[in-house]
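Just so you know, all these numbers are worked out from the coordinates, no wet-lab data involved. As the structure is a prediction and not an experimental result, all values here were calculated from the model. All Cβ positions, even for glycine, are placed from backbone atoms using ideal geometry, and neighbour counts span all protein chains on display.
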Amino acid sequence: MEINRLSDVVKSWLYEAGEMVLEALNAPLKADEKSSRKDIVTNVDKEIEQFFVSKIIEQFPEDRIIGEEGASRNHDNDTQRTWLIDPIDGTLNFYKQKDYFCLMIAIEQEQGDSLGFIYELMRDEMLWGGPKVGVYLNDKRVSMVVDQPLRDGLININSGMVINNRYNAQQIIKQSLGIRMVGCAGIAIKEVVLGKQVAYMSYLQPWDYAAGRILAESVGIVVAAIDEEQLTLTKRQVVVFATPATYQEIRKIKEL
Ligand code: 2AM
Ligand code: CA
Ligand code: CA
Ligand code: CA
């Protein structure tokens, strides 16, 4: 399928899923704990993941799928394309605030054909695109990022890393204009892609950053593991999204 057609198809799935989420908010949500009291999954996370998986299987039965809530398909096949699904990113926000969450899909492919989608439903904002097609907020092209240094920008760092001063997080914050925390990786990455903030840093799983990485790299943002290992699709890592200048400063400060 041609890349513009593919992005239209995926956006139509996200809009349809958004309608399902709004509908589901009319009924009480059911939440289960995963690894801790702060790490939950709701009935809606599972329903939306299933919805995306059924759409992918229907149209692209050979493709590999990785979903946060357990979807896994064709991992042994020599497939060209991998889908990463985070059905509701910011589940705790979704559950407690019915706001500040997003739906994310990444399509990893060769030759610059990757696509990322971050759909912030409650603001009606679809951030989508990739290296070949460019990045758009709804229908408006997003420009290449302005390379602002840390001292001129707002940053977002995972609250646990700040509390425990991991990688000298408190010093990084002091050297910035200030910290903003939203509790949703997709929204945090979206703010960096749109040039509103200069960096985001958190412990992230592949489905938390896959869509964001494709979008961010397409507008000139550095995306890297803080320990400078390769980012892999198989484990949790501390991932930094930053303007090139801010990334260099974070690298220096984290070693202090
Ligand atoms: P999630 O809501 O899809 O689980 C919250 O700080 C942000 O970090 C959310 O985007 C959340 O994604 C993500 N996150 C990643 N690992 C997490 C974990 N173990 N517990 C809570 N949030 C996690
Ligand atoms: Ca989760
Ligand atoms: Ca997530
Ligand atoms: Ca999720």
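Starting from the stretch 1-109, pick out the chymotrypsin sites (Phe, Trp or Tyr not before Pro) whose DSSP state is loop and whose Cβ has at most 12 other Cβ atoms within 10 Å. Please list the in-between numbers first.
Values: sites: W13, Y15, F51, F52, W83, F94, Y95, Y100, F101; in loops: Y100, F101.
For chymotrypsin sites (Phe, Trp or Tyr not before Pro) across the stretch 1-109 that sit outside H, G, I, E and B with at most 12 neighbouring Cβ atoms in 10 Å, the list is empty.
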For this session: Working from Cα positions, state the angle (0 to 90°, nearest 10) between the long axis of helix 3-24 and the longest principal axis of the chain.
Result: 90 degrees
For this session: Subtract the Cα-Cα distance of R236 and H75 from 0.36 nm times their separation in residues, and report this length gain in nm to one decimal.
Result: 56.1 nm
Problem set entry | Helix 206-218 axis, angle to the chain major axis (alpha carbon atoms, nearest 10°) | 70 degrees
Exercise. To the nearest 0.05, how large is the calculated FRET efficiency for V9 and E33 if R₀ is 41 Å and r is the Cβ-Cβ distance?
Worked result: 0.75
Exercise. Pick from R213, R151, R166: which residue has the top mean-square fluctuation in a GNM of the chain where Cα pairs under 10 Å get a spring?
Worked result: R166
Exercise. Exactly which GluC sites (Glu not before Pro) in the stretch 1-108 are in a DSSP loop and have at most 15 other Cβ atoms within 10 Å?
Worked result: E2, E62
Seminar exercise, completed: In degrees, nearest 10, the alpha-carbon axis of helix 244-255 is tilted away from the dominant principal axis of the alpha carbons of the chain by 70 degrees
For this session: Pull up all non-local amide H partners of A199: gap of 5 or more, or a different chain, and H-to-H distance under 5 Å with H placed in the peptide plane.
Result: N156
For this session: Given a cut-off of 25 Å, name the pairs among K11/K34; K46/K196; K38/K98; K11/K132; K96/K235; K98/K190 whose C-alpha atoms lie farther apart than that in the structure shown.
Result: K11/K34; K46/K196; K96/K235
Exercise. When the Karplus curve 6.51 cos²θ - 1.76 cosθ + 1.60 is applied with θ = phi - 60°, which whole-Hz ³J(HN,Hα) does each residue of the stretch 68-85 get, with x for Gly and Pro?
Worked result: 4, 8, x, 5, 7, 8, 6, 6, 8, 7, 8, 8, 7, 9, 10, 9, 10, 10
For this session: Mind checking which of I66, N43, A31 is farthest towards the positive end of the chain's charge dipole, using Cβ charges of +1 (Lys, Arg) and -1 (Asp, Glu) about the Cα centre?
Result: A31
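Roughly speaking, what is the stretch gain from R251 to E62, that is 0.36 nm per residue apart minus the C-alpha to C-alpha distance, in nm to one decimal? Could the numbers behind the result be given before it?
Details: separation 189, 0.36 × 189 = 68.04 nm, distance 4.01 nm.
Gain on extension, R251 to E62, equals 64.0 nm.
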